[in-house]
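To start, the structure under review is shown below, and the notes come after it.
The values are calculated or read from the model by the stated rules, or taken from the named source; none is laboratory data. The model shown is predicted, which means the values in this text are computed figures rather than measured ones. Counting neighbours? That spans all protein chains shown, and the Cβs are built from the backbone with ideal geometry, glycine included. For the accessible areas, the whole protein counts, side chains as well, though only heavy atoms, and no ligand, DNA or RNA atoms are used. Shrake-Rupley method; radii C 1.70, N 1.55, O 1.52, S 1.80 Å.
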Amino acid sequence: MIRNTLYFRRRGRTVRLDRFHPRTTVLDWLRLEERSTGTKEGCAEGDCGACAIVVVRERQGRLAYEPANACIALLGQMDGAELITVEDLARAGEMHPVQAAIADRHGSQCGFCTPGIVMSLFAHYHECSWPSRRETINDVLAGNLCRCTGYRPIVDAALDFCNGRADDQFSRNAAERLRALGALADKADLVVGEDGPFFAAPASEQSFAQLYALQPEAMIVAGATDVGLRITKALAPIEKIIHVGRIGELSEIKKAAEGFSIGAAVSLARAAPVLGSIDPDIAEVLRRFGSIQVRACGTVGGNIANGSPIGDLAPMLIALGSTVELRCGETIRRLPLESFFLDYGKQDRKPGEFVRRLLVPPLPAGAHFRAYKISKRADEDISAVLAAFRLTVDGDRITDARVAFGGMAGIPKRAKAVEEMLRGLPLDDTRRWSLAAAAVKSDFTPLSDLRASADYRTRVAANLVVKAIAEIAGANSNVTRIEDRKRLADVAN
Ligand SMILES: Cc1cc2nc3c(=O)[nH]c(=O)nc-3n(C[C@H](O)[C@H](O)[C@H](O)COP(=O)(O)OP(=O)(O)OC[C@H]3O[C@@H](n4cnc5c(N)ncnc54)[C@H](O)[C@@H]3O)c2cc1C
Ligand code: FES
Ligand code: FES
């Protein structure tokens, strides 16, 4: 069954659109079509949060409030959701508790960032299930830049109202809104547009596989946190879009004896606690992945399929020994994740083939995992280098090693020479630690770019080899890192 009209909920009614260009962003629709200009445009690349909106979806029988950056989210992605913007919060001339606290605590000066900050905090107001903490709110605001007020009064305001008991017009009519969203959840494949440009959102994996096999030149869009920038910054003339966000099969997380199966369309926010349960370092890298808006929209499949040499997931998943599953038409195949990345911008993916899921094994007995993200800023920054290690130890000797780096080559890549030097290495032989670290030079010839020089990358990668061995050999992690691993483990659990 095919539906040719996009449906989403807005201000208590259903918006129905049967004509829009597939590249239309939510921000352009709000500001240029609906004329809701409370949502601002700052960077138009998902970084500043001035355009933050809240997208509400039904998840496991409840309403989930997910922040998104309207500048890079595509209008078609709103299908089946409720869209809330800053204009919708005040009721009958009375400010929403989030707005009132920001005003009371003097959390706004020029006010340009304020609508976005209010929307990120509005999502947290509904999602925090216990009194929020300053650290949590700092994370919530990592994707909202304020250039003049300073964050202390904003965080103080958030501490006033994020107490686990949302009480506003939205919590009061939640049941009715949930029913309204349920009424939009049909099994029809959405296709808006026909012969020329189109926006399609298949409702099943089967429909997706068939459509993509017929239209292999179409652009797959999952969270659009990469594709959105190609539209707003590179002005890429993308005419045909297939969105995977409605496909239940690609949104599943399953746990079996052989590990986790994570569907390609699972968001980074949903994947974080699952992958973080393997090791707290993964949780920490994912906490620093983009911002809360980017993690709510961006997906595991998007991060792998884009083939970026500086994507954060790939090195960690390669070190863990993960497998990627691909599908083309009716044919499904699997390959070790490291074999998926062939060359810069080139992956082992045929026309019409898509990433279906990632299979992530548990840590084998005796294995220790470490991952380190090196970036210029702690929050919302792309890695200069990402190092991931899975070292198996028997007694006081390393018996097996899988080491992968991002940012050191045109693709995320295993460090085979380092691995070779690590195998059989006695943990107390510090001279051999240095030899293993020096092997980084045999594995990689990195580039210099805006993020780091080649020399810096080589040195930091070698230092991370030593750091991983030192930590696994028993060095107090308070000495080797800012964030204590034990505290990270407590937070992850
Ligand atoms: C502000 C900001 C901060 C960011 N910070 C980080 C960061 O810290 N670390 C990091 O690694 N990345 C970061 N990113 C990049 C981006 O968020 C991630 O790469 C994200 O995982 C992409 O997922 P997506 O679902 O949004 O992909 P999309 O943008 O929807 O798609 C990305 C690419 O993958 C393809 N694709 C998507 N799904 C599939 C599929 N199932 N099969 C085949 N192809 C598919 C698309 O066609 C496209 O080419 C950041 C981006 C922004 C805007
Ligand atoms: S305008 Fe900066 S994140 Fe959207
Ligand atoms: S109040 Fe001016 S940028 Fe935040």
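Quick check on this structure: which one of Gln60, Gln77 is of a type outside the set (Asp, Glu) and within 16 Å of ligand 1 (Cβ to nearest atom)?
Going through Gln60, Gln77 in turn, the sole match is Gln77.
Go over the candidates Ala436, Ala404, Ala417, Ala409 one by one and state the one that is modelled with pLDDT of 95 or more and assigned to a strand (DSSP E or B).
Among Ala436, Ala404, Ala417, Ala409, only Ala404 is modelled with pLDDT of 95 or more and assigned to a strand (DSSP E or B).
Test of understanding: among Val98, Val118, Val55, which residue is within 20 Å of the chain's Cα centre (by Cα) and open to solvent by less than 20 Å² (accessible area, probe 1.4 Å)? Let's see the steps before the verdict.
On the way: Val98 fails: within 20 Å of the chain's Cα centre (by Cα); Val118 fails: within 20 Å of the chain's Cα centre (by Cα).
Sole residue among the options that is within 20 Å of the chain's Cα centre (by Cα) and open to solvent by less than 20 Å² (accessible area, probe 1.4 Å): Val55.
Hey, can you tell me all the residues within segment 202-244 that are open to solvent by 40 Å² or more (accessible area, probe 1.4 Å), within 10 Å of ligand 1 (Cβ to nearest atom) and assigned to a strand (DSSP E or B)?
Residues satisfying the conditions are Met219, Ile220.
If I filter segment 372-400 down to residues being open to solvent by less than 10 Å² (accessible area, probe 1.4 Å) and either aliphatic (A, V, I, L, M) or touching a Phe, Trp or Tyr at 6+ places or on another chain (Cβ under 9 Å) (or both), which single residue comes out as farthest from Ala257 (Cα to Cα)?
Ala384
For residues in segment 299-317 being in a helix (DSSP H, G or I) and open to solvent by 10 Å² or more (accessible area, probe 1.4 Å), which is farthest from Gly116 (Cα to Cα)?
Ala305
Checking the structure you have, find out if any residue of segment 241-250 is out of contact with any strand residue (DSSP E or B) (no Cβ under 8 Å at 6 or more places or on another chain) and basic (Lys, Arg).
no
Here's the yes/no breakdown for (1) basic (Lys, Arg); (2) open to solvent by less than 10 Å² (accessible area, probe 1.4 Å); (3) touching a residue at least 40 places away in the same chain (Cβ under 8 Å); (4) within 16 Å of ligand 2 (Cβ to nearest atom):
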{"position": "Leu32", "(1), (2), (3), (4)": "no, no, no, yes"}
{"position": "Asn69", "(1), (2), (3), (4)": "no, yes, yes, yes"}
{"position": "Ala73", "(1), (2), (3), (4)": "no, yes, yes, yes"}
{"position": "Ala90", "(1), (2), (3), (4)": "no, no, no, no"}
{"position": "Arg105", "(1), (2), (3), (4)": "yes, no, yes, no"}
{"position": "Gln109", "(1), (2), (3), (4)": "no, no, yes, no"}
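Considering (1) part of a helix (DSSP H, G or I); (2) within 16 Å of ligand 3 (Cβ to nearest atom); (3) free of Cβ contacts under 8 Å to residues at least 60 places away in the same chain, say which one Met119 fails and leave the rest.
Among (1) part of a helix (DSSP H, G or I); (2) within 16 Å of ligand 3 (Cβ to nearest atom); (3) free of Cβ contacts under 8 Å to residues at least 60 places away in the same chain, Met119 violates only (3).
Within segment 227-236, identify whether any single residue is polar (S, T, N, Q), in contact with a Ser or Thr (Cβ under 9 Å, 6 or more places away or on another chain) and within 16 Å of ligand 2 (Cβ to nearest atom), and answer yes or no.
Checking segment 227-236: at least one residue is polar (S, T, N, Q), in contact with a Ser or Thr (Cβ under 9 Å, 6 or more places away or on another chain) and within 16 Å of ligand 2 (Cβ to nearest atom).
Looking at segment 313-331, which of the residues that are at negative phi and touching a Gly at 6+ places or on another chain (Cβ under 7 Å) is farthest from ligand 2 (Cβ to nearest atom)? Write out each step before concluding.
Our first condition is that a residue be at negative phi; within segment 313-331, this holds for 313-320, 322-328, 330-331.
Right, trim to touching a Gly at 6+ places or on another chain (Cβ under 7 Å) and you get 314-315, 328.
Numbers: Ala314: 24, Pro315: 26, Cys328: 34 Å.
Across segment 313-331, the extreme among qualifying residues is Cys328.
Filter segment 140-164 for residues that are within 13 Å of ligand 3 (Cβ to nearest atom), in a loop (DSSP other than H, G, I, E, B) and more than 21 Å from the chain's Cα centre (by Cα) and give the result.
Result: Cys146, Arg147, Cys148, Thr149, Gly150.
Given the conditions (1) more than 16 Å from ligand 2 (Cβ to nearest atom); (2) buried (at least 22 other Cβ atoms within 10 Å of the Cβ); (3) in a helix (DSSP H, G or I), and given that Ala296 satisfies all but one, which numbered condition is not satisfied?
The single condition Ala296 does not satisfy is (1).
Going by the structure shown, is Ile137 open to solvent by less than 60 Å² (accessible area, probe 1.4 Å) and either more than 23 Å from Asn69 (Cα to Cα) or within 15 Å of ligand 3 (Cβ to nearest atom) (or both)?
In short, no.
Which count do you get for residues in segment 254-286 that are surrounded by fewer than 19 Cβ atoms within 10 Å (Cβ to Cβ) and in contact (Cβ under 8 Å) with a residue 60 or more places away in the chain?
Of the residues in that region, 4 qualify.
Looking at Ala454 and the list (1) in contact with a Ser or Thr (Cβ under 9 Å, 6 or more places away or on another chain); (2) touching a residue at least 12 places away in the same chain (Cβ under 8 Å), which single condition is not satisfied?
With respect to (1) in contact with a Ser or Thr (Cβ under 9 Å, 6 or more places away or on another chain); (2) touching a residue at least 12 places away in the same chain (Cβ under 8 Å), Ala454 is out only on (2).
Output the residues belonging to segment 283-304 that are under 19 Å from Leu74 (Cα atoms) and among the hydrophobic types (A, V, I, L, M, F, W, C).
Pass one, segment 283-304, residues under 19 Å from Leu74 (Cα atoms): 290-303.
Passing the criteria: Ile292, Val294, Ala296, Cys297, Val300.
Which one of the conditions (1) in contact (Cβ under 8 Å) with a residue 40 or more places away in the chain; (2) open to solvent by less than 60 Å² (accessible area, probe 1.4 Å); (3) among the hydroxyl-bearing types (Ser, Thr, Tyr) does Ser339 fail to meet, given that it meets all the rest?
(1)
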